[in-house]
Amino acid sequence: MKNKLALTALLSSLSLTTAAPVFAQGFTGNSTGNVASQGFNGPHQGINTIKQVLAAGFFSDDMPVTLIGYIKASLGGDMYLFTDGTGEVTVEIDHDKWFGQSVTPKNKVQLSGEIDKNIVGVKVDVDSVRVIQ
């Protein structure tokens with residue numbers, strides 16, 4: 001019985017101290033600064049410019065891509081206009097991919113995802129967003 005009470009008290013105290021604060025996330029007018037990055041931070045092979053995305057053939061659908069640039073504008077819903085100096089492309093960023101980050105057009109970001117080509121055109125489905133400046 002003592003162990004059960006101690007465990008209950010411990011779990012109660014942990015749930016109170018580990019609750020994550022809620023922050024605005026996504027593409028907004030307020031910048032909250034950089035988020036600590038993890039993992040590899042260096043050059044990426046493969047498709048890494050919008051020019052390469054747009055020039056890739058029909059069979060490039062679902063091909064992995066990593067882009068570095070700026071989100072210029074919201075197009076509504078989960079759609080955004082992204083530029084990297086080589087061109088512009090529509091990117092789709094679901095709300096759960098922002099990971100608590102707030103991004104403005106002045107923030108340089110790294111987007112990782114896949115090319116989505118269909119009869120309508122080309123876009124990039126984003127799996128992760130990382131503020132890098």
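FYI, it's all coordinate maths here, none of it is from the lab. The structure presented is a predicted model; accordingly, all values stated were derived computationally and were not measured. For neighbour counting, all protein chains shown are included, and Cβ atoms are generated from backbone atoms with ideal geometry for every residue, glycine included.
I need the trypsin sites (Lys or Arg not before Pro) found in the stretch 46-133, filtered to DSSP loop residues with at most 10 other beta carbons within 10 Å of theirs.
Lys106
Given H placed on each backbone N at 1.01 Å, which residues far from Ala73 in sequence or on other chains put an amide H within less than 5 Å of it?
Under 5 Å from the amide H of Ala73 lie the amide H atoms of Leu81, each far enough along the sequence or on another chain.
Using a cut-off of 12 Å between beta-carbons, work out the net charge of the residues near Gln133 (Lys and Arg +1, Asp and Glu -1, Gln133 not included). Show your work: numbers first, answer last.
Details: positive: Lys106, Lys108, Arg130; negative: none.
Computed value for this residue: +3.
How high is the relative contact order of the stretch 43-133, in percent, with contacts defined as C-alpha pairs under 8 Å that are six or more residues apart?
The normalised contact order for the stretch 43-133 reaches 29 percent.
May I ask for the net charge around Asp94, where only other residues with Cβ less than 10 Å from the Cβ of Asp94 are counted and Lys, Arg are +1 while Asp, Glu are -1?
So the surrounding residues net to -4.
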